[in-house]
Amino acid sequence: MKQLEKLLNWGGVKKDIVFLVISGAALLASIFRFSPLPFDLAWIAIVLCGIPIVLEAIIGLVTSFDIKADVLVSIALIASIVIGEDFAAGEVAFIMQLGALLEDLTVAKARAGIEKLVHLTPRTARRLTGAGEEIIPAEQVQVGDLLRVLPGETVPVDGIVRSGQTSINQAVMTGESLPVDKGVGDEVLSGTVNQFGSFDMEAAKVGEDSSIQRMIRLVQSADAGKAKIVGIADRWATWIVIIALTAAALTWLITGEIIRAVTILVVFCPCALVLATPTAIMAAIGNATRHGFLVREGDALERLAAVKNITFDKTGTLTYGTPKVVAVKSFQPALSEDALYAYAAGVEQRSEHPLGKAVVQGYQRGHTDALPQAEQFQMLPGRGVQASIHGQRILAGNAQLLEQSGIPLSDAVRQAAGRHLNDGCTVIFLAVGQTAAGLIALADTLREDAADTIREVKAAGVTPVLLTGDHENAARHIAGELSIDEVHANCLPEDKLKWIDRYQQQKKPVCMIGDGVNDAPALKRAYVGIAMGGVGSDIAVDAADIALVNDDIKELPHLLRLAKRMMVTIKCNLTFSMALNFAAIILAITGILNPVVGALVHNAGSVLVIVNSAFLLRWKKRRSR
């Protein structure tokens, strides 16, 4: 049987197209009674298009007693041949294969956008050794290897830039249309393209752990065959086969006209029911891919259409996940805020703390002058840093650092800090000499499209919920800016699970969107899990049903609407195909349809529902205003 299956799959789409062209020409010749051969040319269509259908039916019955549409089609083909309706048999076989080809082409087009990733896998890498430079297969790169990437080359693995400056085209991974500047210490991802300068990098994630390979695994798991709605259609197809056979037998017994019975078998083939449903799902998956989503589970969009609540993690999902300076406040009249900012950046430039790095980066982005040089730098774990700039001792850290150094905080400083803390900020206090000079407030800033996204989610009929491990003040502040009414803060991973369970016990299916390792259990437990595929952890992505490749959450409302539109399309297809079948069987019983006309009517319906599904590939609803 396996060898027979290989034989049937030989040649793929190209073979099917060739067979259909030959069969179509043969059927045209048969219509005009032109046959240079001693038999009706419709037999060419029967052999090229019909035999594969019959063999597929036999394989399904023998290996798993699987009664599908091809069983009824095979019976209709054989019955048509027995009564001498060779043209009807050839026509049924031709149009059934045409419908199957349309499905294959639709599926191929739907998946074309994500399958391009497979071809972007780098094949070679330039490894630097003591003896010089050597070109090796990319799969042989080890963590810690020093690699060189020249202009125009693809980055072979994930890594960190160790020397050189360049610009990287990251469109394949992030969707960004403009190149991104990279320098020493910046991360580069496999599959992205080096555009201008050469650079040396240290390999960090190689082989199956690299970004491009992770995306490919997501592509390979995007399979519509797992969708529950497909299972329903398959079960219906089995019953339709039974009903069709019963109706054909009764019609033959009552009328005595076998041609009516054969016509019933021809028009009642449930190909529209079976073909159109998975095509709709795959077309929707293709649409989702064009908007930055990789659907890992075939039934994820079906489940997404039913969600009532969508729970957002805060950090890295609604926000960028990195601290930024949002306020600089000086309490010394003789010290400007710019001067205070420069002192803070100068003393922090040798710090390894993320907040210290954020201060330095924030200053460098907004100022062109060089940082003041710090001397006698000292790291004070758990408190902050201190150094000497222009002969003055500068302290930058928490309130405890200043208090232990004998520097009191005035009421004005404490009140200003309290206001920022209530807004969810982190505060760094600054002292110049023995005086509290001011403070710097840092916060995890909202993504630019976060507010519009939440508004559009509400417009799509889904209730947003903030589910975060951050403290109450930070969570309430973000929720207020985004108009999210339901907020649950201070959540450990188990707390997130409890909230999701509570919603789902209330018959409110939940979609969870998150990015971190701590979100993985919630992503798995939710009715649908969506992971931020770009910044998210590997564990979070593996736990989710859908991955958002470029972390652009503004497309989330489109995904919600697309899922609902997909279900509407599937239901329309099912309704149309069933109505067509029952209408055609009545006409066949009364003798109005013969096998030839019946085949045309029925299979034209199959093509229509497939085309209807294909419209999902480009579907997009305009955003509300």
> What residues qualify as long-range amide H neighbours of Cys491, i.e. H under 5 Å apart, gap of 5 or more or another chain, H built at 1.01 Å from N?
Replying inline: Thr468, Gly469, Asp470
> How do Ser198, Ser74, Ser351, Ser336 line up, fewest other C-beta atoms within 10 Å first?
Replying inline: Ser336, Ser198, Ser351, Ser74
> What residues have an amide H closer than 5 Å to that of Glu486, excluding those fewer than 5 places away on the same chain, when H is modeled at 1.01 Å from N in the peptide plane?
Replying inline: Leu466
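Roughly speaking, what is the stretch gain from His353 to Asp181, that is 0.36 nm per residue apart minus the C-alpha to C-alpha distance, in nm to one decimal? Provide the component values of the computation, followed by the final result.
On the way: separation 172, 0.36 × 172 = 61.92 nm, distance 2.32 nm.
Taking His353 through Asp181 to full extension adds about 59.6 nm, to one decimal.
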> Where the centre of each part is set by its Cα atoms, how far does the range 373-409 sit from the range 292-364, in angstrom?
Replying inline: 24
> Using a cut-off of 16 Å between alpha-carbon atoms, which aspartates and glutamates can reach Lys182, once sequence neighbours fewer than 8 places away in the same chain are excluded?
Replying inline: Glu153, Asp158, Asp200, Glu202
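Among 248-256, 363-371, how do they line up from the highest to the lowest mean number of other beta-carbon atoms within 10 Å?
Numbers: 248-256: 14.8, 363-371: 12.2.
The peptides rank, most packed first, as 248-256, 363-371.
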> How would you rank Glu153, Glu494, Glu56, Glu85, going from fewest to most other Cβ atoms within 10 Å of each one's own Cβ?
Replying inline: Glu494, Glu153, Glu56, Glu85
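Counting alpha carbon pairs within less than 8 Å and at least 6 residues apart, what relative contact order, in whole percent, applies to the range 142-205?
Working: 176 pairs, mean separation 33.1, N = 64.
Across the range 142-205, relative contact order equals 52 percent.
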> For the range 246-251, in order, what is each residue's ³J(HN,Hα) by Karplus, 6.51 cos²θ - 1.76 cosθ + 1.60 with θ = phi - 60°, in whole Hz (x at glycine and Pro)?
Replying inline: 5, 4, 5, 5, 5, 4
> Let a ≥ b ≥ c be the square roots of the eigenvalues of the Cα gyration tensor of the range 322-445; is it rounded (a/c under 1.5), or, if not, prolate (a/b larger than b/c) or oblate?
Replying inline: rounded
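Taking the mean number of other Cβ atoms within 10 Å as a proxy for protection, how do you rank 283-296, 542-555, 31-44 from highest to lowest? Display every interim value, and only then the final one.
On the way: 283-296: 24.7, 542-555: 22.9, 31-44: 13.7.
Top to bottom by mean Cβ count within 10 Å: 283-296, 542-555, 31-44.
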> Does the range 142-205 come out rounded, prolate or oblate, given a ≥ b ≥ c as the square roots of the eigenvalues of its C-alpha gyration tensor, rounded meaning a/c under 1.5 and, failing that, prolate meaning a/b above b/c?
Replying inline: prolate
> According to a simple spin-label model (label point 7 Å from Cα along Cα-to-Cβ), what is the distance in nm between Gln165 and Asp411?
Replying inline: 5.1
> What does the charge count near Arg127 come to, summing +1 for each Lys or Arg and -1 for each Asp or Glu among other residues with Cβ under 12 Å from its Cβ?
Replying inline: -3
>> Please list, ordered by chain and number, the residues whose modelled amide H lies under 5 Å from the amide H of Leu593; skip anything fewer than 5 residues away on the same chain.
In response: Ala588
> If one puts a single equal scatterer on every Cα of the range 240-393 and applies the Debye formula without solvent, what log₁₀ I(q)/I(0) results at q = 0.13, 0.19 Å⁻¹?
Replying inline: -0.82, -1.15
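Quick check: net charge around Ser405, other residues with Cβ under 12 Å of its Cβ, Lys/Arg +1 and Asp/Glu -1? Numbers along the way, then the final one.
Details: positive: Arg383, Arg393; negative: Glu403.
That sum, taken over residues with Cβ under 12 Å, equals +1.
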> Which peptide among 465-471, 591-597, 329-335, 160-166 comes first, and what is the full order, when sorted by highest mean count of other Cβ atoms within 10 Å?
Replying inline: 465-471, 591-597, 160-166, 329-335
> What order do you get for Glu456, Glu208 when you list them from fewest to most C-beta neighbours inside 10 Å?
Replying inline: Glu208, Glu456
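Need one word for the range 483-610: rounded, prolate or oblate. Basis is the Cα gyration tensor (sqrt eigenvalues a ≥ b ≥ c); a/c below 1.5 gives rounded, then a/b vs b/c decides.
Working: a/c = 3.91, a/b = 2.87, b/c = 1.36.
Taking the square roots of the gyration eigenvalues as a ≥ b ≥ c, the range 483-610 is prolate.
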> Expressed as a whole number of Å, what is the distance separating the alpha-carbon centroids of the range 133-161 and the range 552-590?
Replying inline: 48
>> As an exercise, identify the trypsin sites (Lys or Arg not before Pro) in the range 397-488 lying in DSSP coil whose Cβ has no more than 11 other Cβ atoms within 10 Å.
In response: none
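Since every read-out is calculated from the coordinates, none of them should be taken as a lab result. Since the model is a prediction, treat every value here as computed from it, not as a measurement. Cβ coordinates were reconstructed from backbone atoms using ideal geometry, including for glycine residues, and neighbour counts include every protein chain displayed.
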